[in-house]
Amino acid sequence: MNKQEIRKEIKAKRSMMGELEVVAYSKIIENRLLAEKVFQDAECIFAYIDCKNEVSTRNIISAALKQGKRVAVPKVMGADMGFYYIKSFGDLKKGYAGIYEPEVANESNYAKDTKGLCIVPGVAFDKDMNRIGYGGGFYDKFFDAYPEMYRCALGFDFQIVDKIDTESFDQKMDMIVTPSGILKS
């Protein structure tokens, strides 16, 4: 299957998940990630704000904030995406595609860290650590600009597919966390 076919199939499966199922599997994934050394050692966590039955990141973000880590979340502005520090979920409002983003996005809270743990959303992944996103290329461009960033994708088991055909600009993940386990490069 090509990327568009995979996107369509996986998004349909994800939309069929009930809220309790999303919460239960997200909790398993969260516990796996929080136990990882890469999370424990990271001073800054870059994390997406989940929507549309994605793996929830809210408890991961809360844990990072409680541990005194810097937390940055993305904001889309035109064709670009930048990360901005937040102190709480109260710093967010609905933005691009109905996704919660930092309400204030300026030089004062722009994430200046060039390395850290980046928790990445995605539609599908394969065992070679490839990722299919939503088609905007935001994370591929971000990782191209910040090559030292540790890339950790979160996904449900059905989001792992046999093979993803890649293009030269596609960025691989360092780790993929699912309810069944952790894949690492």
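Assorted remarks:
- Per DSSP, loop trypsin sites (Lys or Arg not before Pro) in the range 80-185 with at most 11 further Cβ within 10 Å: LYS87, LYS112, LYS163
- Kirkwood Rh and Cα Rg combined as Rg/Rh, the range 133-178: 0.95
- Angle between the chain longest axis and helix 19-35 axis [Cα atoms, degrees, rounded to 10]: 70 degrees
- Of interest is the spacing of the C-alpha centroids, which for the range 12-68 and the range 120-185 amounts to 15 Å.
- For the range 52-129, the spread of Cα positions along each principal axis, largest first, Å: 39, 32, 25
- For the chain, the longest principal axis of the alpha carbon atoms and the long axis of helix 3-15 meet at an angle near 80°.
- Extension gain for SER15 to ASP144 (0.36 nm times residue separation, less C-alpha to C-alpha distance): 43.4 nm.
- Shape class for the range 1-95, computed from the alpha carbon gyration tensor (a ≥ b ≥ c): oblate, with a/c not under 1.5 and a/b at or below b/c.
- Shape category assigned to the chain from the gyration tensor of Cα positions, a/c cut at 1.5: rounded
- Descending semi-axes in whole angstrom, ellipsoid equivalent of the range 75-172, from the Cα gyration tensor: 25, 15, 13
Bear in mind that the values in this text are calculations on the coordinates, not laboratory data. The shown structure was predicted, so the numbers you read here are calculated from the model rather than taken from an experiment. Methodologically, a virtual Cβ is constructed for each residue, glycine included, from the backbone with ideal geometry; neighbour enumeration extends over all protein chains shown.
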